[in-house]
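Each remark here refers to the structure printed beneath this line.
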Amino acid sequence: MNHTKCNVIIVFEGIADKKFLEDLICSKYGLTKNELKRYWVNIRGFQHVANTEFVKNNYLPAIEDDKKIIFILDADQTGIEDGGKVARTNKIIADLKKQKIDIDPEDIYLFPNNKNDGDLETLLESIFVKENLFFTECWNKFEGCITQAGEDNNQKLTIPPQKSKIYTYCQILLPSDRDNQEKAKDAKRNYLDKELWDLQKQTLKPLYNFLDKYFKE
């Protein structure tokens, strides 16, 4: 692997994002996880993207070392504050500009596909292997049942978030012993498991195209 091609740091939001990207990058571009470990900056949530701590300790040293800073974050939903592709991209650029850091919008990728609303979990659901799509149908029925029960009983019931959906998908399909059940968790998940994930799905193409710019020889 020619490491001059991937002279970057990757800014991400949490451990689930890192584990997914780590598996994807190592598999596609031939890096080991040990080689890749120097590329990560966990900002622990979009709201911290221009935090002084990260500017001082990560961004400025990277710029001094002539490294490219790339951002792989969630788009979230249009309509919430700074949510959606356009608003979130503009917010990242504007906040960092206040810190005298200029970011090219082409170095920002927003899950699920750098275009639509959503997040990492939106993308993960799209790469379920086709044999397991029954899970989505079952989950949708579950959500409908909870919603209807709330209406029938005049209760405000909470639908579990997308993170719970992805965790449950892994949990029910992995063997029931403790070691395997641990692999359902964000930090332990194996995205190279072909029984669960299809990394050839077209929904990954925009992300692969983005990563090619920095990691492809």
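Quick look at the values:
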| read-out | value |
| --- | --- |
| Selection of trypsin sites (Lys or Arg not before Pro), the range 28-116, meeting DSSP coil and at most 11 other Cβ within 10 Å | Lys100, Lys115 |
| Kirkwood hydrodynamic radius over Cα pairs of the range 58-217, then Stokes diffusion coefficient at 37 °C and 0.692 mPa s, in µm²/s | 179 µm²/s |
| Karplus (6.51, -1.76, 1.60) ³J(HN,Hα), θ = phi - 60°, over the range 97-103, in Hz, Gly and Pro reported as x | 5, 5, 8, 6, 10, 9, 10 |
| Qualifying GluC sites (Glu not before Pro) in the range 124-205, DSSP loop, other Cβ atoms within 10 Å at most 12 | Glu195 |
| Size of electric dipole in the chain: Cβ of Lys, Arg +1 and of Asp, Glu -1, about Cα centre, debye, nearest 20 | 440 debye |
| At most 14 other Cβ within 10 Å, DSSP loop - GluC sites (Glu not before Pro), the range 22-102 | Glu81 |
| Degrees, to the nearest 10: 162-173 long Cα axis against longest axis of the chain | 70 degrees |
| Acute angle (nearest 10 degrees) that the helix 134-152 long axis makes with the longest principal axis of the chain, alpha-carbon atoms | 70 degrees |
| Distant-in-sequence amide H partners of Phe111 (H built 1.01 Å from N, under 5 Å) | Leu73, Asp74, Ala75 |
| Mean Cα-pair separation over length for the chain, i.e. relative contact order, pairs under 8 Å, 6 or more apart, % | 24 percent |
| Options Gln77, Ile10, Thr122, ranked by Cα towards positive dipole end of the chain, top entry (Cβ charges) | Ile10 |
| J(HN,Hα) series, the range 175-180, from Karplus relation 6.51 cos²θ - 1.76 cosθ + 1.60, nearest Hz, glycine and proline x | x, 7, 5, 4, 4, 6 |
| Over 27 Å between alpha carbons, listed pairs Lys85/Lys163; Lys19/Lys141; Lys165/Lys205; Lys97/Lys205 | Lys19/Lys141; Lys97/Lys205 |
| Percent RCO, i.e. relative contact order, over the range 120-217, from Cα pairs under 8 Å lying at least 6 residues apart | 37 percent |
| Cβ-defined net charge surrounding Leu199, 9 Å radius [Lys, Arg +1; Asp, Glu -1] | +1 |
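Since every read-out is calculated from the coordinates, none of them should be taken as a lab result. All values derive from a computational prediction rather than experimental measurement. So basically every Cβ, Gly included, is an ideal-geometry build from the backbone, and we count neighbours across all protein chains shown.
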